[in-house]
Amino acid sequence: MSGDAAHRLFLALWPDDSLRERLVTLQKRLAPSVGGRAVIAENLHITLKFLGAVPRSRIRELVDACRGLLFDPFSLTMNRIGFFPQPRVVWVGAEPVAESPATLIENIEASLEAVGFARERRRFRAHCTLFRKARMRPDFAFEPFQWPVSSWVLVESELSTGGPKYTIRERFGAV
């Protein structure tokens, strides 16, 4: 992250290689019925908090606030395929969200609010976007699986005509 410009940042759960393969396999099974554009494997994640344009001068403060958060490792049970009609997104998610991830989200929100970042108004929905610009809501059964969480990351998003490029800038671990 160079210069004084703002950087487009978000906090996320990042899948390990094994989980990423499982997500890609699910995408391949869904593709014929939903259409749209599959999210590339390297970009699959669960957003915890979108921060938007953060000035370089505030990034250290952001990282320090996140480093102070401790949590016990947990797993999300990915048990639902869903569809957001606007912007026509197909996702796999965990519903309902268990207490551990909800507590992590609340702690992130409180810690960042204390250093001047706005609190998210929408309810957290643990989901990983699989397709964008999908043609239809999927009617699809699958075997639920676990998304183990022992860390979360600060990601920089660089937009381009070829789609977003995500770069992990910091990793935060569990106790």
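Under the criterion of Cα pairs below 8 Å and six or more residues apart, the relative contact order for the stretch 6-173 equals 34 percent. With helices defined as uninterrupted DSSP H runs, which ones in the chain have an alpha carbon span along their own long axis of at least 15 Å and mean Kyte-Doolittle hydropathy of at least -0.5? Helices meeting the span and hydropathy rule in the chain are 17-34, 99-114. For the residues Pro138, Pro85, Pro148, a GNM of the chain with alpha-carbon springs under 10 Å puts the largest fluctuation on Pro85. Coordinate range of the alpha-carbon atoms in the stretch 14-65 per principal axis, descending: 45, 24, 14 Å. Residue-wise HN-Hα couplings along the stretch 71-81, as the Karplus relation 6.51 cos²θ - 1.76 cosθ + 1.60 with θ = phi - 60° gives them from phi, are 8, 7, x, 8, 10, 9, 8, 7, 10, 8, 9 Hz; Gly and Pro carry x. Shape analysis of the stretch 1-105 based on the Cα gyration tensor places the equivalent ellipsoid semi-axes at 28, 19, 13 Å, largest first. By the Cα gyration tensor, the stretch 105-175 has an equivalent ellipsoid whose semi-axes, rounded to whole angstrom, run 26, 19, 16 from largest to smallest. Here Lys133 and Arg56 are evaluated by their C-beta separation; at R0 = 30 Å the FRET efficiency comes out at 0.35.
Across the alpha-carbon atoms of the stretch 54-141, the computed radius of gyration and Dmax are 16.1, 47 angstrom.
Working ranking of peptides 13-21, 128-136 by packing, defined as the average number of other Cβ atoms within 10 Å per residue, highest first, is 128-136, 13-21.
Think of it as helices only: each DSSP H run of n ≥ 4 in the chain is worth -39500 (n - 2.57), and spread over all residues that comes to -8500 deg cm²/dmol at 222 nm. For the stretch 6-173, a Kirkwood hydrodynamic radius built from all Cα pairs, placed in the Stokes-Einstein relation at 37 °C and 0.692 mPa s, yields a translational diffusion coefficient of 197 µm²/s.
Where a number appears in this text, it was derived from the coordinates with a stated rule and is not lab data. All values reported here derive from a predicted model rather than from experimental measurement. Virtual Cβ from ideal backbone geometry, glycine too; neighbours counted across all protein chains shown.
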